[in-house]
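All remarks here apply to the structure that follows.
The values are calculated or read from the model by the stated rules, or taken from the named source; none is laboratory data. From a predicted model like this one, the values you see are computed outputs, not experimental measurements. A quick note on method: Cβ atoms are made from the backbone with ideal geometry, for glycine too, and the neighbour counts reach across all protein chains shown.
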Amino acid sequence: MGVMVEPYDGVADPASVVLNRLHAWVQVRGIPPLFQKDEVVRDMAAWIGEVLGAEMYALGASGTSFVRVRAKLDVHKALTRVVGLHPEGSERMMFQVLYEKLPKLCDVCGLLGHRVEECEDGVHEQSAMQYGAWMRAPMEDWHPRSSGVRMREPLRENFRGGRGGGRGNGAADSRKRPPGATPPREGKAEAELPGS
């Protein structure tokens with residue numbers, strides 16, 4: 001299962017908010033350390049989706065190192081299987097893309113939300129299966145250790161919980177009060193204002 005999140009201003013008609021992007025962690029494997037640079041990784045990851053942030057030099061439990069990218073995936077487009085890099089004076093290099101916590105994926109069309117049995121008439125040749133379980137990152141690598149080297153990561157701005165952080169951290173008393181106002185007492189619905 002996946003969660004689609006889009007900004008909402010609280011004023012517009014909720015039906016006008018288009019929910020077609022899935023936030024996901026994506027692993028790009030095999031990038032040589034020379035090319036694990038902010039600009040290079042962002043350019044490659046742009047083929048996957050809108051890049052929200054990344055971790056350089058992530059190290060999975062299996063001992064595999066990779067770049068981990070947080071991206072918005074367009075659910076109306078097939079998932080990206082590989083990304084390429086063509087350094088000047090060198091041959092083109094291709095790097096495998098693996099997805100963490102991937103919801104239902106069709107092995108034929110590469111779209112999220114249905115399986116191969118539900119795609120068109122459900123009857124497909126084996127040669128038509130260009131996507132599949134091999135695109136899922138191993139579960140033990142979902143929360144890798146990091147060397148501490150990170151790209152700019154605007155994740156806090158993109159994923160806010162409620163006023164209390166989404167975990168009950170003072171959410172009931174998180175209203176803004178005028179300066180000098182005392183917090184509400186038990187059984188009283190309003191704060192007392194100074195001079196009242």
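Summary of computed values
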{"quantity": "Selection status of Gly113, touching a residue at least 24 places away in the same chain (Cβ under 8 Å), not β-branched (Val, Ile, Thr) and not assigned by TED's automatic domain parsing to the domain that holds Arg42", "calculated": "yes"}
{"quantity": "Ala15 vs. criteria free of Cβ contacts under 8 Å to residues at least 12 places away in the same chain, surrounded by fewer than 19 Cβ atoms within 10 Å (Cβ to Cβ) and under 19 Å from Met135 (Cβ atoms)", "calculated": "no"}
{"quantity": "Residues satisfying the stated conditions in the range 11-23, i.e. in contact with an Asp or Glu (Cβ under 7 Å, 6 or more places away or on another chain) and part of a strand (DSSP E or B)", "calculated": "Arg21"}
{"quantity": "Test for Val41: is it outside any strand (DSSP E or B) and hydrophobic (A, V, I, L, M, F, W, C)", "calculated": "yes"}
{"quantity": "Sole residue being crowded, with 19+ Cβ neighbours inside 10 Å and farther than 14 Å from Gln27 by Cβ, chosen from Lys37, Lys72", "calculated": "Lys72"}
{"quantity": "Test: residue in the range 63-83 that is hydrophobic (A, V, I, L, M, F, W, C), at pLDDT below 95 and more than 25 Å from Arg21 (Cα to Cα)", "calculated": "no"}
{"quantity": "Index of the failed condition, Met56 passing every other in (1) modelled with pLDDT of 90 or more; (2) of a type in the set (A, V, I, L, M); (3) not in a loop (DSSP other than H, G, I, E, B)", "calculated": "(1)"}
{"quantity": "Within the range 96-144, considering residues that are assigned to a loop (DSSP other than H, G, I, E, B) and among the small types (Gly, Ala, Ser), the one surrounded by the most Cβ atoms within 10 Å (Cβ to Cβ)", "calculated": "Ala137"}
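Condition check ((1) assigned by TED's automatic domain parsing to the domain that holds Glu125; (2) closer than 20 Å to Glu140 by Cα; (3) of a type in the set (A, V, I, L, M)) across all residues:
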{"residue": "Tyr57", "(1), (2), (3)": "no, yes, no"}
{"residue": "Ser65", "(1), (2), (3)": "no, yes, no"}
{"residue": "Gly89", "(1), (2), (3)": "no, no, no"}
{"residue": "Cys109", "(1), (2), (3)": "yes, no, no"}
